[in-house]
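Asks: Sending over a structure as structure tokens; questions will come in a sec.
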Amino acid sequence: MSNHTYRPFLDAFLAAWKRSSLMELEHFISKEYQAREVTGGEIADFGYEESIDGWKQGFHFVKANDAKWDVNEMSIIPLREYEIMAILSATIRIQGESMETANLFFNTFKKNNHNDWKLVRSYIEAGVSIEKLKVQHEQPLE
């Protein structure tokens, strides 16, 4: 990897996510953040404020249902010297049972001039079957 500070950053980002801590997570997201989410074929583009609103809703749902996040690293890809993509799958477990779908995140993190890593871009496939993710993770396409 291009920088030894990335792994501790990603671990802290994922820990904040798993704790449903909006206050912590906000610090990891760039104010210039841009994202595209595809849900059932419908495309939505959004920025920082909409992202924070989305995280707030998701965290509220998890806390209200006494649920837990199940976030998995699928792949880490260095893109440029100070830019790294983390491909993550995330679903929610309620009473120990996983939801039937997950979201697949292609998150790009970039090191800024202040020597901090920030989430700058995301492409999100929402509502992916958990079964399809397991099959692909265990058996790559030929």
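Asks: How many residues does the stretch 24-56 contain that are under 13 Å from the mean Cα position of the chain (by Cα) and β-branched (Val, Ile, Thr)?
Replies: 2
Asks: Right, here's the next one. Here are the criteria: (1) under 21 Å from residue 129 (Cβ atoms); (2) modelled with pLDDT of 95 or more. Tell me which single one residue 96 does not satisfy.
Replies: Exception for residue 96: condition (2).
Asks: Still on this model: Is the stretch 57-79 home to any residue that is without any contact (Cβ under 8 Å) to a residue 40 or more places away in the chain, assigned to a helix (DSSP H, G or I) and of a type in the set (Phe, Trp, Tyr)?
Replies: For the stretch 57-79, residues without any contact (Cβ under 8 Å) to a residue 40 or more places away in the chain, assigned to a helix (DSSP H, G or I) and of a type in the set (Phe, Trp, Tyr): present.
Asks: When the residues of the stretch 29-79 are filtered to those that are basic (Lys, Arg) and either at pLDDT below 95 or over 22 Å from residue 111 (Cβ atoms) (or both), which remaining residue is surrounded by the fewest Cβ atoms within 10 Å (Cβ to Cβ)?
Replies: Within the stretch 29-79, the first condition is being basic (Lys, Arg), and the residues that meet it are 31, 36, 56, 63, 68.
Right, trim to either at pLDDT below 95 or over 22 Å from residue 111 (Cβ atoms) (or both) and you get 36, 56, 63, 68.
On the way: 36: 14, 56: 14, 63: 10, 68: 17.
If we take residues in the stretch 29-79 being basic (Lys, Arg) and either at pLDDT below 95 or over 22 Å from residue 111 (Cβ atoms) (or both), then 63 is surrounded by the fewest Cβ atoms within 10 Å (Cβ to Cβ).
Asks: Give the stretch 13-43 a look and list any residue that's of a type in the set (D, E, K, R) and out of contact with any strand residue (DSSP E or B) (no Cβ under 9 Å at 6 or more places or on another chain), or say none. It would help to see each step written out before you state the result.
Replies: First pass over the stretch 13-43, keeping only residues of a type in the set (D, E, K, R): 18-19, 24, 26, 31-32, 36-37, 42.
24, 26, 42 - these are the residues of the stretch 13-43 that are of a type in the set (D, E, K, R) and out of contact with any strand residue (DSSP E or B) (no Cβ under 9 Å at 6 or more places or on another chain).
Asks: Between 84, 76, 124, which is of a type in the set (A, V, I, L, M, F, W, C), under 14 Å from residue 10 (Cα atoms) and out of contact with any helix residue (DSSP H, G or I) (no Cβ under 7 Å at 6 or more places or on another chain)? Steps first, please.
Replies: On the way: 84 fails: out of contact with any helix residue (DSSP H, G or I) (no Cβ under 7 Å at 6 or more places or on another chain); 124 fails: under 14 Å from residue 10 (Cα atoms).
Of the residues listed, the single one that is of a type in the set (A, V, I, L, M, F, W, C), under 14 Å from residue 10 (Cα atoms) and out of contact with any helix residue (DSSP H, G or I) (no Cβ under 7 Å at 6 or more places or on another chain) is 76.
Asks: Among the residues that make up the stretch 5-23, is at least one of them assigned to a strand (DSSP E or B), open to solvent by less than 100 Å² (accessible area, probe 1.4 Å) and over 22 Å from residue 99 (Cβ atoms)? Write out each step before concluding.
Replies: Initially, the stretch 5-23 is screened for residues assigned to a strand (DSSP E or B), giving none.
Checked the stretch 5-23: no residue is assigned to a strand (DSSP E or B), open to solvent by less than 100 Å² (accessible area, probe 1.4 Å) and over 22 Å from residue 99 (Cβ atoms).
Asks: Residue by residue through the stretch 57-68, note down the ones that are within 16 Å of the chain's Cα centre (by Cα) and of a type in the set (Phe, Trp, Tyr). I'd like the intermediate steps shown before the answer.
Replies: Let us first name the residues in the stretch 57-68 that are within 16 Å of the chain's Cα centre (by Cα), namely 57-59, 62, 68.
59, the sole residue that qualifies.
Asks: Shifting gears a bit: For the stretch 5-36, which residues satisfy the criterion of being without any contact (Cβ under 8 Å) to a residue 40 or more places away in the chain, within 16 Å of residue 62 (Cα to Cα) and among the aliphatic types (A, V, I, L, M)?
Replies: 15, 16, 22, 23, 25
Asks: Quick one: which residue in 118, 110 is open to solvent by 80 Å² or more (accessible area, probe 1.4 Å) and modelled with pLDDT of 95 or more? I'd like the intermediate steps shown before the answer.
Replies: Working: 118 fails: open to solvent by 80 Å² or more (accessible area, probe 1.4 Å).
Every option except 110 fails the conditions.
Asks: Within the stretch 80-107, take every residue that is free of Cβ contacts under 8 Å to residues at least 40 places away in the same chain and β-branched (Val, Ile, Thr) and give me the one that is surrounded by the fewest Cβ atoms within 10 Å (Cβ to Cβ).
Replies: So the residue we want is 94.
The values are calculated or read from the model by the stated rules, or taken from the named source; none is laboratory data. What you see is a predicted model; the values in this text were computed from it and never measured. Here Cβ is always computed from backbone atoms with ideal geometry, including for glycine, and neighbour counts include all displayed protein chains. Ligands, DNA and RNA are stripped out before the accessible areas are found, and what is left, the full protein with its side chains, is counted by its heavy atoms. Shrake-Rupley method; radii C 1.70, N 1.55, O 1.52, S 1.80 Å.
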